[in-house]
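Trainee: Mind having a look at this structure? Questions to follow.
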Amino acid sequence: MAGGAMVSTDGGGKEYPARMTLYVFLTCVVASSGGLIFGYDVGISGGVTSMDSFLLTFFPSVYRKEKQDRSTSIYCKFDSQLLTSFTSSLYVAALLTSFIASLVTDFFGRKWSMFRGGIAFILGAGINATADNLFMLILGRFLLGVGVGYAIQSVPIYLSEIAPPRLRGMLNIMFQLMVTIGILIANIINYFTNKIEGAWGWRVSLAFACVPAAIIAVGSLVLPETPNSLIERGHTEEAEATLRLIRGVDDISLEFRDLVAANKRCKEIRDPWSLILERKYRPQLAMAILIPFFQQLTGINIIMFYAPLIYKAVGFSGQASLVSTVIIGTVNVVATLISIITVDRVGRRGLLLHGGVQMLISQLIVGTLIALKFGATGEATDISKAYASCVLFFIGVYIAAFAWSWGPLGWLIPSEILSLEIRSVGQCIAVSVNMFFTFVIAQIFLTALCHMKHGLFFFFAGWVVVMTVFVALFLPETKNIPIEEMGLLWKEHWFWSRFIKDEENTEMGNLGRPWNHSRVQVAAKEVLSRNRV
Ligand code: BGC
């Protein structure tokens, strides 16, 4: 669990087993591949679209504009809706798939969702690597998007259901860590494949996505289904045996009883989609929409997708721009590790507030440096290496801030504040909002850059101000609050409490047990009063 300090008890002090078993470990491996694939796809497109051989094959007009038309401003060099559709088609497919994936995950189980994701990935990577026309290229990207949609919907749910409660939060951020490692691996592979003679390096880059895809496809066949999913689909005995197997102990009665009770409660609920629209869920719905929206409005993916193009534009050579991307990718991984270490000590609000201020300052500096050198025309006279390195440094400062704040927390917070009865739909909303805005930013960035010029950096800086104020005023601290007992957060909050009537959520924890009856609930109340700002 996110808080890490406590586990659910029966009120008499008896606790769930919380050992890291072989099964949990294998789960981590499969889940990691889900994160790796997502990250790999984020990281690969920027490098590939900056390779001459790739541009020449699929986007000759962009290539000509970049090479021949010396007068074109740096802001507009790469402005091509076709080029951006290569990047963004993946996210539109992931968005559409996340709805189907949420049904498959519920009706057929988490495993089958992951398996379908793995197969779609393998097909997509294969088509991309052998593409010789734009249609094949976009089709391959679309299939990769289908894979991302399945993986991103099912893997975090699979993880949180199979992990012992104590490890849940950590495994959740591990997923994000794997995303950043996937991005870095993609950056490194691009660096090497760009050197391959004969103009087929980009094919190798695109083909490599098959490796984590095969792990997730085969892994999902071997791994057990989660007890929750088995209970949900009526296989109660198998669920009990599976829980025993994954926990590695005989006495799983308490956890199993809670799972069955939680499932019974969920079944009594008519339609979770109309449920989440009820007034009392307004705070959770608002967070499920706003947190992923804000995460994308930090502008992170303009760097993730188009960094090599930006570096080339500010004066780095092709190879140097790929090296810069590797440096930034490394900063991303290291800062995510820092987040893992500090999230339960500093708390979510602390990281988001600090990250917000640091992102704001660095975005303003990058925008100003670009404005000073390129002005409104976008034509630089003479850019020194030192100047370009300075831009790179502040992009690094910005990435570090994102990677210990909005990166992991943009996924962790929606998943931990949703109460059980609306968790699956809430997660589906969070994923879709994230994918939608990832798509929008990927699609419009190069055109927006052409029109707004350096002002685009100030535009995202403006959004960072909005989200930081939002966190300060509206986001309650969830550090150390057991996931089953988040209900109190809203009731105690100066703003959100108006949506919750007195008898709601305060009387019952999310598992339907009365408040004040168990040790964990009393402890949750204490943590809440300590966290209050
Ligand atoms: C975001 C991605 C982003 C990545 C960068 C993730 O949390 O959802 O859109 O590319 O972080 O590390």
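Trainee: Can you give me the relative contact order of the chain as a percent, contacts being Cα pairs under 8 Å and 6 or more apart?
Mentor: 24 percent
Trainee: With θ set to phi - 60° and the Karplus curve 6.51 cos²θ - 1.76 cosθ + 1.60, what are the ³J(HN,Hα) couplings of the stretch 120-137 in order, to the nearest whole Hz, using x for Gly and Pro?
Mentor: With the stated coefficients, the stretch 120-137 comes to 4, 4, 4, 4, x, 5, x, 5, 4, 5, 9, 4, 10, 9, 4, 4, 4, 4 Hz.
Trainee: In square angstrom, what is the accessible area per residue of the stretch 192-298 with a 1.4 angstrom probe? Please report the intermediate quantities before stating the final value.
Mentor: Details: 4970 Å² over 107 residues.
Accessible surface, normalised per residue, equals 46 Å².
Trainee: Hey, another quick one. Say a paramagnetic label sat at a point 7 Å from the Cα of Ser497, along Cα to Cβ; which residues of the stretch 244-286 have their backbone N under 20 Å from it?
Mentor: Counting backbone N atoms under 20 Å from the label point, the list is 279-286.
Trainee: Can you bin the stretch 283-439 into rounded, prolate or oblate? Criterion: square roots of the alpha carbon gyration tensor eigenvalues sorted a ≥ b ≥ c, rounded for a/c under 1.5, prolate for a/b above b/c, oblate for the rest.
Mentor: Working: a/c = 2.48, a/b = 2.05, b/c = 1.21.
It comes out prolate by the Cα gyration axes.
Trainee: Next up: For each pair in Lys385/Lys453; Lys65/Lys312; Lys195/Lys373; Lys312/Lys373, compute the distance between the two Cα atoms and list the pairs where it is over 24 Å.
Mentor: Values: Lys385/Lys453 22 Å; Lys65/Lys312 14 Å; Lys195/Lys373 30 Å; Lys312/Lys373 14 Å.
As for pairs spanning more than 24 Å Cα to Cα, those are Lys195/Lys373.
Trainee: Report ³J(HN,Hα) in whole Hz for each residue of the stretch 33-48, in order, from the Karplus equation J = 6.51 cos²θ - 1.76 cosθ + 1.60 where θ = phi - 60°; Gly and Pro get x.
Mentor: With coefficients 6.51, -1.76 and 1.60, one gets 5, x, x, 4, 5, 4, x, 4, 5, 5, x, 6, 5, x, x, 5 Hz.
Trainee: If a cysteine in the chain has no other Cys Cβ under 4.7 Å from its own Cβ, put it on the list, ordered by number.
Mentor: Taking the Cβ cut-off of 4.7 Å, the unpaired cysteines of the chain are Cys28, Cys210, Cys266, Cys390, Cys428.
Trainee: Another one. Under 12 Å from a label point 7 Å along Cα→Cβ of Ala214: give me every residue in the stretch 115-132 with its amide N that close.
Mentor: In the stretch 115-132, the label zone of Ala214 (backbone N under 12 Å from the point 7 Å along Cα→Cβ) covers 122.
Trainee: Report the gain in length on full extension from Ala199 to Val222: 0.36 nm times residue separation, minus Cα-Cα distance, nm rounded to one decimal. The partial results should precede the final answer.
Mentor: Details: separation 23, 0.36 × 23 = 8.28 nm, distance 3.87 nm.
Stretched fully, the Ala199-Val222 segment lengthens by 4.4 nm.
Trainee: Please give the charge dipole size of the stretch 324-397, origin at the Cα centre, charges +1 on K and R Cβ atoms and -1 on D and E Cβ atoms. Round to the nearest 20 debye.
Mentor: 260 debye
Trainee: Step through the residues of the stretch 320-330 one at a time and calculate ³J(HN,Hα) from phi using the Karplus curve (6.51 cos²θ - 1.76 cosθ + 1.60, θ = phi - 60°), rounding each to whole Hz and writing x for Gly and Pro.
Mentor: Ordered by residue, 3J(HN,Hα) equals 5, 6, 6, 4, 4, 5, 5, 4, 5, x, 5 Hz.
Trainee: With +1 assigned to the C-beta of every Lys and Arg and -1 to the C-beta of every Asp and Glu, and no other charges, what is the dipole magnitude of the chain about the Cα centre in debye, to the nearest 20? Provide the component values of the computation, followed by the final result.
Mentor: Working: 43 positive and 37 negative charges, 168 e Å.
With Lys and Arg at +1 and Asp and Glu at -1, about 800 debye.
Trainee: Work out the charge dipole of the chain with +1 on the Cβ of Lys and Arg and -1 on the Cβ of Asp and Glu about the Cα centre, then indicate which of Leu223, Phe439, Leu277 is farthest towards its positive end.
Mentor: Farthest towards the positive end: Phe439.
Trainee: Still on this structure, please answer the following. Full extension from Lys67 to Phe192: what is 0.36 nm times the residue separation minus their Cα-Cα distance, to one decimal in nm?
Mentor: Going from the current span to full extension adds 42.8 nm.
Trainee: Sticking with this one: Rounded to the nearest 0.05, what FRET efficiency do Phe99 and Ile327 have when you use their Cβ-Cβ distance and R0 = 30 Å?
Mentor: That gives a FRET efficiency of 0.20.
Trainee: Within the stretch 311-342, name every residue whose backbone N is under 16 Å away from a label modeled 7 Å from Cα of Leu56 along the Cβ vector.
Mentor: Within reach of a label on Leu56, which here means backbone N under 16 Å from a point 7 Å along Cα→Cβ, the stretch 311-342 contributes 318-319.
Trainee: Now for a separate question. How much length, in nm to one decimal, is gained on full extension between Asp271 and Thr236, taken as 0.36 nm per residue of separation minus their Cα-Cα distance? Mind showing how you got there, number by number?
Mentor: Numbers: separation 35, 0.36 × 35 = 12.60 nm, distance 2.28 nm.
That pair, Asp271 and Thr236, stretches by 10.3 nm at full extension.
Trainee: How many nm separate the modelled label positions at Val466 and Lys280, each set 7 Å beyond the Cα in the direction of the Cβ?
Mentor: Spacing of the two 7 Å Cα→Cβ label points: 3.2 nm.
Trainee: Roughly to the nearest percent, how much of the accessible area of the chain is carbon and sulfur, given a 1.4 Å probe? Working shown, then result.
Mentor: Values: 13310 of 19760 Å².
Roughly 67 percent, rounded to a whole number.
Trainee: Per DSSP H run of at least 4 residues, take -39500 (n - 2.57); add these up for the chain, divide by its residues and hand me the 222 nm value, nearest 500 deg cm²/dmol.
Mentor: -24500 deg cm²/dmol
Trainee: Right, here's the next one. What lysines could a cross-link reach from Lys501, if we take a straight Cα to Cα line under 25 Å and drop same-chain neighbours fewer than 8 places away?
Mentor: Within reach: Lys264, Lys267, Lys280, Lys479, Lys491, Lys525.
The values are calculated or read from the model by the stated rules, or taken from the named source; none is laboratory data. As the structure is a computational prediction, the values presented were derived from the model and not from experiment. Using ideal geometry, Cβ is built from the backbone for each residue, glycine included, and neighbour counts are taken over all protein chains shown. Surface areas here come from the heavy atoms of the whole protein model, side chains and all, with no ligands, DNA or RNA. Shrake-Rupley method; radii C 1.70, N 1.55, O 1.52, S 1.80 Å.
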